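The numbers here are math on the coordinates, done by the rules we state, and not lab data. Since the model is a prediction, treat every value here as computed from it, not as a measurement. Glycine also receives a Cβ, built like all others from the backbone with ideal geometry; neighbour counts cover every protein chain displayed.
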Amino acid sequence: MEFILYEQKDKIAVLTINREKALNALNSQVLDELSQTIDAIDLNTVRALIITGAGEKSFVAGADIGEMSSLSKAEGEAFGKKGNDVFRKIETLPIPVIAAVNGFALGGGCELSMSCDIRICAESAVFGQPEVGLGITPGFGGTQRLARLVGPGMAKQMIYTARNIKADEAYRIGLVNAVYPAEELMAAAEKLAGQIAAQAPIAVRNCKKAVNDGLQVSIDEALVIEEKLFGDCFETQDQQAGMGNFLKKKDDPTKVKVVDFQNC
Ligand code: CAA
């Protein structure tokens, strides 16, 4: 891989977009390598993934403008599909994905962060969908996911004006869950990933699926999705270990509540 770094630390993995000279902009090769790296994640051992950008300046400064500049209509559509397919793969990955946004998250970078389950960022982060200033629409899910995350009114304002926003505003509108000094961001991401990885893995995966799938359908259909995924947790080792631990603790309040969940 030329442009992707991937490191697994016990149950947590960190994927870094590594094209620092171009502020980690996404060209076709980066997208292909990102897709291949996601496909190769060992889902038997990894329970949470962190995605970040190389260097101190940028998460991802967007899709590669040089590569896009000469595309035909058909090629533009195909490039949009390439990005959408990879980001959808991230969104539907069975395990939770945290975007640790360490700088510019513009265009395709903001869109990449929005395909993750959770976004946290450095104080230096800048978010935006500047595409209309380049004569195009957001093309890797921005028109859809930004509206779903921050509401259509705020999303339309950001997209129509191409105005970038800083970390504090991203936090205020609910685009990110937390803001950290740059040097604390990765530790915070790893702590959060560790908290997720310590929970029952089948249950965590089923929660991700329930929220994601439920948001696509009516509340009645969504509750049926929840019931099925709730039922699916029963009779698993993790359910028995988790509930067994609670019941044992009731007999002996001195018992520490640590469960070693084995399943993936
Ligand atoms: N594509 C290609 N190269 C990019 C890039 C991008 N999106 N963003 C930055 N770069 C390159 C620059 O061309 C420059 O390369 P050279 O050193 O070879 O000239 C290098 O990264 C450093 O960038 P700057 O010198 O511009 O750095 P800066 O600190 O002055 O500015 C910035 C930083 C404000 C992020 C500026 O680089 C910028 O505005 N980048 C473009 C942001 C953008 O418009 N993103 C949206 C792209 S469209 C899109 O993503 C469509 C979609 O939805 C799929």
Read phi for every residue in region 182-190 and hand back ³J(HN,Hα) as whole Hz from Karplus 6.51 cos²θ - 1.76 cosθ + 1.60, θ = phi - 60°, with x for Gly and Pro.
-> 3, 6, 9, 4, 5, 4, 5, 5, 5
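Note down the net charge around P138, summing +1 for each Lys or Arg and -1 for each Asp or Glu among other residues with Cβ under 10 Å from its Cβ. Before the final figure, lay out each step's value.
Details: positive: R145; negative: E111, E131.
Neighbour charge sum, excluding P138 itself: -1.
Please tell me which of these pairs span more than 26 angstrom C-alpha to C-alpha: K9/K209; K156/K228; K9/K248; K9/K208; K208/K249; K209/K248?
Details: K9/K209 24 Å; K156/K228 36 Å; K9/K248 31 Å; K9/K208 22 Å; K208/K249 28 Å; K209/K248 30 Å.
Listed pairs above 26 Å: K156/K228; K9/K248; K208/K249; K209/K248.
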Measure nothing fancy, just the Cα-based angle from helix 201-214's long axis to the longest principal axis of the chain, in degrees from 0 to 90, nearest 10.
-> 50
Extension gain A162-L223, at 0.36 nm per residue separation less the Cα-Cα distance, in nm?
-> 18.2 nm
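Show me 160-168, 42-50 ranked by packing, highest mean number of other Cβ atoms within 10 Å first. Don't jump to the answer; show the numbers that get you there.
Working: 160-168: 14.9, 42-50: 18.3.
Highest to lowest by the protection proxy: 42-50, 160-168.
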Selection from G142, N24, S72, by position along the positive dipole direction of region 4-197 (Cβ) = G142
Which order do peptides 53-60, 211-218 fall in by mean Cβ count within 10 Å, highest first?
-> 53-60, 211-218
Any idea what % of Cα-Cα pairs in region 201-255 are farther than 12 Å?
-> 68
Sequence-distant or interchain residues sharing an amide H contact under 5 Å with A178, placed H: which?
-> C121
Non-local amide H neighbours of I4 (under 5 Å, H modeled in plane, Pro and chain starts lacking H): which ones?
-> N18
For A63, residues with placed amide H under 5 Å, excluding near neighbours | L26, G108, G109
Across region 226-237, in residue order, what do the Karplus-derived ³J(HN,Hα) couplings come to in whole Hz, using 6.51 cos²θ - 1.76 cosθ + 1.60 with θ = phi - 60° and x for Gly and Pro?
-> 4, 4, 5, 6, 4, x, 4, 6, 6, 6, 7, 4
Unit-weight point scatterers at every alpha-carbon of the chain, Debye formula, q = 0.09, 0.10, 0.11 1/Å: log10 I(q)/I(0) is -0.44, -0.53, -0.64
